[in-house]
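A quick write-up on the structure given underneath.
The values are calculated or read from the model by the stated rules, or taken from the named source; none is laboratory data. None of the values given here were measured: they were computed from a predicted structure. Don't worry about glycine lacking a Cβ; one is built from the backbone with ideal geometry, like all the others, and counts go over all protein chains shown. The accessibility values were calculated without ligands, DNA or RNA, using every heavy atom of the protein model including side chains. Shrake-Rupley method; radii C 1.70, N 1.55, O 1.52, S 1.80 Å.
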Amino acid sequence: MADYVIEQTKKSMEESSEENQIILNPQVAEIHIGQVFANKETLQQAVSLHSIRYNQPFKVKRSSKLDYKLVCIDDNCNWTFLASKHGKTDMFIIRKIEHTHTCSLDITSGDHPQATSNLVGKVIKNKFVNPKRDYTPTEIVDDMADDYSVSISYQKAWRAREKAIMDARRCPQESYSEIPSILYMMQISNPRTITDLVTDEDNKFKYLYFAVGASIKVVDSENDSSWEWFLHKIKETYGERKDQCIVSDRHESILKAVKETFPDIMHGVCCYHLMKNIKMKFKKGGDELKIAFNSASKAYNIEDFEKSMQDLDNIDVRIRDYLVN
């Protein structure tokens, strides 16, 4: 939900900015005089991406908090670019673009000077918002070639990947500093929430405990009344149907609640929990027990069932009586 809200907010900001001609996304189609960028970093990324896309490399002539001047990498080309701070804000506006690129440098076969690992990392950052997404350096090399017609080395792609991951997911160590504010917001949004953060003598994270107020208020223990309430709600929702059954572990409150709420339907025992009970009660384990038990629980005729039960008898004669009773 948090990711969705952030995404929608960002989308709304970008749409609003487009209306006001303030550029937040550096991946613009064209670069021209009068464009206003949200900040200098966005401007730098936009110009670099434009340079890569159209194979027009440049070098920085001057860069300060107030202005940003570029010239062509080819000394024989008189292309010049100038942007400066827009009023008292952090925004930068393109003031001047003199002449067009007259050079014909072919650098698509090698590393483009503007295709730095930092820039590539910014371009691929969104690929790593989902922590389950695996985006390899080889894929990065291929995508940069397909999307920007630029060749980058595997090493540069690897560095870009590391920077993108750090930028998208942030440094795990730094995230600890956000814990107090998160706990505070939990207490504000969930009255009666209990939190406790313990740090060591260097004020570094040591322990964390929290119990959300809503859970404290709502959740009951697994007792007779809670299970009866739950099963009554199930019956109220679904009623009783043909071939309906209930499968559970051997919790005594569940047994009582099923007899009270669904006295006429089959109540089966979960094989996984039942085998765990056998292991704990008889202190047995290993593949021999697992194979014999699973074979018995899945047998479809008496002969196979008895053969598997005999195997269980050989492991411990008490198991059969426990299962029967």
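For the peptides 32-42, 208-218, the ranking by mean Cβ contacts within 10 Å, running from highest to lowest, is 32-42, 208-218.
Note that the chain carries a Kirkwood radius of 27.2 Å, evaluated over its alpha carbons pair by pair. Among the trypsin sites (Lys or Arg not before Pro) within segment 137-211, those in coil by DSSP and having at most 14 neighbouring Cβ atoms inside 10 Å are Arg170, Arg192, Lys204.
Think of it as helices only: each DSSP H run of n ≥ 4 in the chain is worth -39500 (n - 2.57), and spread over all residues that comes to -15000 deg cm²/dmol at 222 nm. Rounded to the nearest 20 debye, the dipole size of the chain about its Cα centre is 880 debye, using +1 on the Cβ of Lys and Arg and -1 on the Cβ of Asp and Glu.
By a 1.4 Å probe calculation restricted to protein chains, Val247 has an accessible surface near 100 Å², given to the nearest 10. A 1.4 Å probe over all protein chains sorts Ser297, Ser149, Ser48 by accessible area into Ser149, Ser297, Ser48, starting with the largest. Solvent-accessible area of segment 262-325 (1.4 angstrom probe, protein heavy atoms only): carbon and sulfur portion equals 53 percent.
Probe 1.4 Å, all protein chains in place: accessible area of Ser153 in Å², nearest 10? The accessible area comes out at roughly 40 Å².
Output needed for segment 165-208: three equivalent-ellipsoid semi-axes, defined as square roots of 5 times the C-alpha gyration tensor eigenvalues, in descending order, whole Å.
Those come to 22, 17, 6 Å.
The distance separating the Cα centre of segment 43-91 from that of segment 221-252 comes to 69 Å. By accessible area, using a 1.4 Å probe on protein heavy atoms only, segment 17-159 has 47% of its surface on carbon and sulfur.
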